[in-house]
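Below: the structure, in structure tokens.
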Amino acid sequence: MITWEDVMEVEIPGERRLYGTMCSGITVHRQGRALIVKLPNDFFRALSSGFTNGGFVESPQAVMNISGIGGKVEYTCMVGGLSTFDEMNRRYASKLGLDPMRTVFQGTAANMDNASVVNMQTGSGIDVSLAITGGISHNGGRAGDPTTYDESRDTGNTKSGTIISIMAIDAELSDSAMLEAMLLATEAKSCVIQELQARSHYSCGIATGSGTDQVTIIMNRSSPHKVDRILKSSDLAITIAECLAAGLRDTFDRQAGMNPVTQWDPLVLMERYQIDMIREEIRFPARMEELLSSLEVLRKDPHSTAMVSVMLNIADDVRNGLIPEEDGMELARTICEDHVIRRRTDPVERLRIDNQESVIDLLSYVCALKLMEKVESRRCGDEQRGDRDPQ
């Protein structure tokens, strides 16, 4: 089997090209598998949670975001632990003509051509910039989710998915202000994920990030702006959050097609509770072609999506202990009664509805009934069109 060293030896990174610009004269470049945030002089300082050359870094030459090699070859590095990962990063930096000891590294499975670069300014004139990549379709997780593996033993069994944020602030920040900026960027990231209701792959909750997210904050010591604290209500804090949110939404759409339209889909929303077999709830008297076409109609029905969203919120409230389960079930049945059930007269359906044991079970069955309604409605429409067709 070939190794990462074999790939690195023959890999041709190609020419470096300008990808975007950031504040303080910082430029963003694309070369090979890397996004290179190049700093113009030695008056910068960085704080990074990246694995290689992380922490507080004085006068870095660049901050790099690198796409992994992929496949089993990438695991030949991962099983070697962080020391091997450091070696691979530094060797790649040298290949691209950078000083490996003055480069801050971050890594991801995302493609660097899907990076988003955003520039904003506070009301007082402090520039804030962001270069970000992100995708959590396979590795979205919620803080506090159950343990899935021991990273000290099993470094080759992780799922791909990482949000890499490189933020530059044209101000001289104190150590505490740099930490506050990192916390604000992290909170803003989680807000975007919550708003999009992206699922955790390790629990029934909404994700707060991925298991390998990394953030770098860059400050400019030569800036006339001096900042000792970044209070959450300050203009700078708001700009940091807005910049992060704009960039993350853009890169989510570029990398994974994740946006408000694709997320506002009942099947997508139900995935986090693993409700993906509503076609198995009842034995539909319909052809598979009818079911699949009607399912697509159901996915585009905003009223059905709203019902699913409300029901999932009730399930969340029950799971989080905000309301007793019996109260949640009563409320969920009332919603279903108004939206679906009152139009159904089959006694078997009513029996099953009345005896569902959880909000999630009720939602799954009601969605199946809603799907059958779509099938029947489309059949009626086809029959009416047939009656009007000339013989």
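The values are calculated or read from the model by the stated rules, or taken from the named source; none is laboratory data. Here the structure is a predicted model, which means the values were calculated and not measured. Note that each Cβ is placed from the backbone with ideal geometry, even for glycine, and that neighbours are counted across all protein chains shown.
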Residue check, residue 369 assigned to a helix (DSSP H, G or I), crowded, with 19+ Cβ neighbours inside 10 Å, within 26 Å of the chain's Cα centre (by Cα) and at negative phi: no
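Looking at 298, 331, which one is touching a Ser or Thr at 6+ places or on another chain (Cβ under 6 Å) and in a helix (DSSP H, G or I)?
On the way: 331 fails: touching a Ser or Thr at 6+ places or on another chain (Cβ under 6 Å).
Being touching a Ser or Thr at 6+ places or on another chain (Cβ under 6 Å) and in a helix (DSSP H, G or I) holds for just one of 298, 331, which is 298.
Residue-wise test of (1) within 17 Å of residue 361 (Cα to Cα); (2) assigned to a helix (DSSP H, G or I); (3) small (Gly, Ala, Ser); (4) at pLDDT 90 or above.
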position	(1), (2), (3), (4)
272	yes, yes, no, yes
283	yes, no, no, no
303	no, yes, no, no
306	no, yes, yes, yes
311	yes, yes, no, yes
323	no, no, no, yes
In the stretch 285-295, which residue that is assigned to a helix (DSSP H, G or I) and small (Gly, Ala, Ser) is nearest to residue 366 (Cα to Cα)? 294
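Does residue 219 fit the bill of being under 19 Å from residue 189 (Cβ atoms), in contact with a Phe, Trp or Tyr (Cβ under 8 Å, 6 or more places away or on another chain) and crowded, with 20+ Cβ neighbours inside 10 Å? Break it down stepwise before answering.
On the way: under 19 Å from residue 189 (Cβ atoms): no; in contact with a Phe, Trp or Tyr (Cβ under 8 Å, 6 or more places away or on another chain): yes; crowded, with 20+ Cβ neighbours inside 10 Å: yes.
Answer is no for this residue.
Yes or no, residue by residue, for (1) surrounded by fewer than 17 Cβ atoms within 10 Å (Cβ to Cβ); (2) out of contact with any helix residue (DSSP H, G or I) (no Cβ under 9 Å at 6 or more places or on another chain); (3) under 29 Å from residue 309 (Cβ atoms); (4) hydroxyl-bearing (Ser, Thr, Tyr):
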{"site": "163", "(1), (2), (3), (4)": "no, no, yes, no"}
{"site": "167", "(1), (2), (3), (4)": "no, no, no, no"}
{"site": "172", "(1), (2), (3), (4)": "no, yes, no, no"}
{"site": "176", "(1), (2), (3), (4)": "yes, yes, no, yes"}
{"site": "200", "(1), (2), (3), (4)": "no, no, yes, yes"}
{"site": "209", "(1), (2), (3), (4)": "no, no, yes, no"}
{"site": "231", "(1), (2), (3), (4)": "yes, no, no, no"}
{"site": "245", "(1), (2), (3), (4)": "no, no, yes, no"}
{"site": "248", "(1), (2), (3), (4)": "no, no, yes, no"}
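Name the single residue, out of those in the stretch 203-244 being over 14 Å from the mean Cα position of the chain (by Cα) and among the hydroxyl-bearing types (Ser, Thr, Tyr), that is farthest from residue 258 (Cα to Cα).
We begin by selecting, within the stretch 203-244, every residue over 14 Å from the mean Cα position of the chain (by Cα); these are 203-204, 215-243.
Checking the rest, the ones that are also among the hydroxyl-bearing types (Ser, Thr, Tyr) come to 203, 216, 222-223, 233-234, 239.
Working: 203: 20, 216: 24, 222: 39, 223: 37, 233: 29, 234: 30, 239: 23 Å.
Per the stated criteria, the residue is 222.
Could you check, for the stretch 229-237, whether at least one of its residues is in contact with a Ser or Thr (Cβ under 8 Å, 6 or more places away or on another chain), among the polar types (S, T, N, Q) and assigned by TED's automatic domain parsing to the domain that holds residue 164?
At the first step, the residues of the stretch 229-237 found to be in contact with a Ser or Thr (Cβ under 8 Å, 6 or more places away or on another chain) are 229, 235-236.
Those still in the list that are among the polar types (S, T, N, Q) too: none.
No, every residue in the stretch 229-237 fails to be in contact with a Ser or Thr (Cβ under 8 Å, 6 or more places away or on another chain), among the polar types (S, T, N, Q) and assigned by TED's automatic domain parsing to the domain that holds residue 164.
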With (1) out of contact with any helix residue (DSSP H, G or I) (no Cβ under 8 Å at 6 or more places or on another chain); (2) in a helix (DSSP H, G or I); (3) at pLDDT 90 or above as the list, and residue 380 as the residue in question, which single condition is left unmet? (3)
Would you please name the residue that is nearest to residue 114 (Cα to Cα), looking only at residues in the stretch 8-39 that are surrounded by 18 or more Cβ atoms within 10 Å (Cβ to Cβ) and among the hydroxyl-bearing types (Ser, Thr, Tyr)? 19
Selected residue [hydrophobic (A, V, I, L, M, F, W, C), assigned by TED's automatic domain parsing to the domain that holds residue 301 and touching a helix residue (DSSP H, G or I) at 6+ places or on another chain (Cβ under 8 Å)] from 348, 340: 340
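Among what's in the stretch 84-114 and is among the β-branched types (Val, Ile, Thr) and crowded, with 20+ Cβ neighbours inside 10 Å, pick the residue that is nearest to residue 54 (Cα to Cα).
First pass over the stretch 84-114, keeping only residues among the β-branched types (Val, Ile, Thr): 84, 103-104, 108.
When the remaining residues are screened for being crowded, with 20+ Cβ neighbours inside 10 Å, the result is 103-104, 108.
Values: 103: 9, 104: 6, 108: 15 Å.
Result: 104.
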Kindly check whether there is at least one residue in the stretch 302-325 that is closer than 19 Å to residue 377 by Cα, surrounded by 11 or more Cβ atoms within 10 Å (Cβ to Cβ) and of a type in the set (Ser, Thr, Tyr). yes
Please work out if residue 317 is farther than 27 Å from residue 135 by Cβ, assigned by TED's automatic domain parsing to the domain that holds residue 358 and in contact with a helix residue (DSSP H, G or I) (Cβ under 7 Å, 6 or more places away or on another chain). yes
In the set 82, 96, the lone residue that is within 25 Å of the chain's Cα centre (by Cα) and not basic (Lys, Arg) is 82
Given (1) touching a residue at least 24 places away in the same chain (Cβ under 8 Å); (2) under 16 Å from residue 373 (Cβ atoms); (3) out of contact with any Phe, Trp or Tyr (no Cβ under 9 Å at 6 or more places or on another chain), number of the condition residue 291 does not satisfy: (3)
